[in-house]
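The numbers here are math on the coordinates, done by the rules we state, and not lab data. This one's a predicted model, so the numbers in the text were calculated from it and none came from an experiment. As a convention, Cβ positions derive from the backbone with ideal geometry for all residues, glycine included, and neighbour counts pool all protein chains shown.
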Amino acid sequence: MTKPSTFLVPGDRTSAGTLAIISLSRDNFLPLTLEKSTGAVDGYLEGATLNTRFGSYPHSTLLDVPWGSQVRASNVDTGSRGKKRRRDATDEDTPIASQDDDDDSTAANAPVKKAVTAPSGFIYVLRPTPELWTTSLPHRTQVVYTPDYSYILHRIRARPGTRIIEAGAGSGSFTHASVRAVYNGYPRDADDVKGKVFSFEFNESRYEKMQVEIGHHGLDDLVKLTHRDVYNEGFNVNGESPNATAVFLDLPAPWEALHHLSRRKLQKGGEEAEEDSNWVSPLDPKQSVHICTFSPCIEQVTRTVTELRTLGWVDVDMVEISNQKINISREKVGVNYPTEKGYNSSPADVLEAVTKLKSLAERNKDTQRVQALQTGAEGPDSEMDLDSTPNRENQPSNSNGAIDDMEKPWMQGRLVHRPESELKTHTSYLVFAILPCEWDEEAEAAAMAKWPCGNEKKTIGNLDKQARKEEKRKMLEGKSKKQKKGSDTQTTQVVVSAVATPTTDTA
Ligand SMILES: C[S@@+](CC[C@H](N)C(=O)[O-])C[C@H]1O[C@@H](n2cnc3c(N)ncnc32)[C@H](O)[C@@H]1O
């Protein structure tokens, strides 16, 4: 078995040979496979080094740290790399060139130099998740984003143990999300059936790149990627059924592939195909199957829905995800705030506006007085002490959002939330449907054995009748016992009275 994927079993700390997601800033992520170097790499004496606009990071500083760590940038020694740059800039005849070549080979054999922390710059090392992979993966196609795939996986009932069919694989964004959803352990052997993703890709170069990625990410045993045109060849793998209960189609023409997702061999349009004893359905025969197709325009949706209905899918509906980000921040509003980013130096309320106007008027008056004194003319108040002019600008205010020395900076201002001005997430319409499992004689017999139906009246009636008979019998038994107690005397009386009573014939 391969080493478990860091997407599924990340462990506590980073390790060599595994993928990490480097967070450079809030929305800027970079996938990086961490390397343990034994000598200089690419001219860096500290070994393999990540260079970013936020500084340089030798992999040695990113290895064996807890996931989520903040790592400071290093002052890297570019060694022969720096010399090579200089050499490239000089005349070709310069003898330095041959010396550098020697330096290159000796540097690679030299032990790795210890990294020295730089005065500024840092990054975060994050464990890989499908969400982070979606935002950082190399795009080979349009990809399915998190708001869409989280909803899709929920609607197609993807859960640990589910077997999903996915086409096309594209850049693998949905593949990574779905493999996490269905993961319930790695199969121990060929007979150990676990949750799995059966992914199909028609484009050869995308297929090859994705196959390499799947291997790098430790997902080989959980994702079966096949190079295939699913419109023509369907979804079985080496003639065997994936036994899927969930299907996701992100194809230009999903309706072209739907007839392969049936319980009996069908042609496109729903007509029965020729008998083929080798044919098996790619679907689990014992469970209902949930499907989602992903199409960018409504005309494609209409064609898909028509085909789904023709082929017997039920509960067909369409959804569009209109995901909107809401930014939450503290807005510092007040005339005394500086005109900087994150501050709004307009009045927070009417009181603050009036106070500001008054102070400006006061200041105007003061200026006029000073000018009057300088010119010798009488000002509005010639006895004024110039030094006593109050500096109102720097006074703390207590109105809403104003500065209070005691207030913590992160608690200052008003908490505001603003949705994005426009929706940027329309990628596609999602069509959902369900294919119930087929009801055959075997299923009917099993159901009849479990819940005998059709005979309910007889069964229930019989039971009632028997219970009633039993009750009556017990009642009569009780009565007859009571009667038996004084039966001798009663019998004598009856006999005597019978003898004593003369029979009269009135006729
Ligand atoms: C939009 S991309 C899929 C993106 C993918 N869902 C993701 O999240 O990264 C569509 C893919 O379907 C593939 N494709 C198109 N026709 C196909 C076919 N007949 N069989 C298999 N794959 C096909 C394309 O090559 C393309 O890579």
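Some observations on this one:
- Environment charge of Arg206, counting only residues whose C-beta is closer than 15 Å and scoring Lys/Arg +1, Asp/Glu -1: -4
- Cross-link pairs beyond the 28 Å C-alpha cut-off, checked among Lys196/Lys450; Lys450/Lys472; Lys114/Lys209; Lys450/Lys474; Lys224/Lys268: Lys196/Lys450; Lys450/Lys472; Lys114/Lys209; Lys450/Lys474
- Gyration tensor (alpha-carbon) shape descriptor, the stretch 160-270, a/c threshold 1.5: oblate
- Between the stretch 10-48 and the stretch 287-338, the alpha-carbon center distance in angstrom: 35 Å
- Packing-based exposure ordering (other Cβ within 10 Å, fewest first) of Lys3, Lys265, Lys450: Lys450, Lys3, Lys265
- Of the residues Ile165, Ile326, Ile434, the one with the fewest other Cβ atoms within 10 Å heads the list, and the complete ranking is Ile326, Ile434, Ile165.
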